[in-house]
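J.: I have a structure here, written as structure tokens, and I will follow up with some questions on it.
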Amino acid sequence: MKPTVRLDPGSGGRVASLELDGVELLAPRHGDDWLTWGCYPMAPWAGRVRDGRFEFDGEQYQLELDLPPHAIHGVGYRSEWKAAGPGALHLDLKGLWTFGGWVEQRVDLTDQSLVLSMSVQAAQRMPVMAGWHPCFRRQLSRGGQAELLFSGGYMWQRDDAGIPTGERIPVPPGPWDDCFGDVADPPVVRWPGFGLIRLESNMTSWVVYDERTDLVCVEPLSDAPDAFNRDPAILEPGETLEVWMKISWDLEQ
């Protein structure tokens, strides 16, 4: 049975369904929750921004506090995206993000993998981050409970507000809601008796959220959360940030 993908442009341009051999891998939506279902793009920032505030080029900016007391995961995940051709979705950031610009996401599905790519283009000088937030079910309709195979070289220390302090520390035992760097091997989620998925990206920061009993989130980011208040990547007018994530699989026979 061929893999299938369903996009939901009206719900943050996310991949709302990924089925392998008739088995759904992604967590479903519950009520008005936007944060922990499907697989959604995060732009023009990813992760938390402390108190929703940051300074850029001498000006102070205040973001909407969608996870009080912080802003989280950009503006795309709760916005309506527009079709931009087969497997492509477009989001105009004007009116959603003070700096304007646009985001485009492209989806390429084969028998062996799902590749997501994203372009974030600036209309004026601006800070930028991007990433994806896939939420996988711990228990599928077939196979055992999900097992996460993940090894980071270091973890970003979090303070009491859940924000990276900038200090890098040895990786403690999980469960985690944390960001990691120096991830040498692709993260793997395995369901014994069903198969496994492998995640790869050109981004070098990874957030793992596996504190809940019903899902596992493994998220590639272009920087650790709250980068806007450290040393953000900057786009000049007309420049584009290009990122990608690949999910490949091996199913047990």
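J.: So, for segment 1-138, what is the accessible surface per residue at a probe of 1.4 Å, expressed in square angstrom?
T.: I get 41 Å² per residue for this part.
J.: Let me make sure I get this right: for the chain, a, b and c are the square roots of the gyration tensor eigenvalues over alpha carbons, sorted descending. Under 1.5 in a/c it's rounded, otherwise prolate if a/b > b/c, else oblate. Which is it?
T.: oblate
J.: Also: Compare the peptides 136-146, 13-23, 168-178, 68-78 by average per-residue count of other Cβ atoms within 10 angstrom and give them in order, highest first.
T.: By packing density, highest mean first, the sequence is 68-78, 13-23, 136-146, 168-178.
J.: Next up: Would you work out what percent of the accessible area of the chain, with all protein chains in place, is carbon or sulfur (probe 1.4 Å)?
T.: Carbon and sulfur: 47 percent of the exposed surface of the chain.
J.: Moving to a separate point now. Note down the nm distance, to one decimal, between modelled labels 7 Å out along Cα→Cβ at Asp57 and at Val115.
T.: Roughly 3.4 nm, to one decimal.
J.: Provide the per-residue ³J(HN,Hα) series for segment 83-100, in order, calculated from phi with Karplus coefficients 6.51, -1.76, 1.60 and θ = phi - 60°, each as a whole number of Hz, with x at glycine and proline positions.
T.: Along segment 83-100, the couplings run 4, 10, x, x, x, 10, 10, 10, 10, 7, 7, 4, x, 9, 9, 4, 8, x Hz.
J.: I'd like to know which of Gly58, Val120, Gly12 lies farthest towards the positive end of the charge dipole of the chain, counting +1 on Cβ of Lys and Arg and -1 on Cβ of Asp and Glu.
T.: Gly12
The values are calculated or read from the model by the stated rules, or taken from the named source; none is laboratory data. Just so it is clear, the model here is predicted, and its values are computed rather than measured. When we count neighbours, we look across all protein chains shown, and the Cβ atoms used for this are built from the backbone with ideal geometry, even at glycine. The area values use the complete protein model at the heavy-atom level, side chains included, leaving out ligands, DNA and RNA. Shrake-Rupley method; radii C 1.70, N 1.55, O 1.52, S 1.80 Å.
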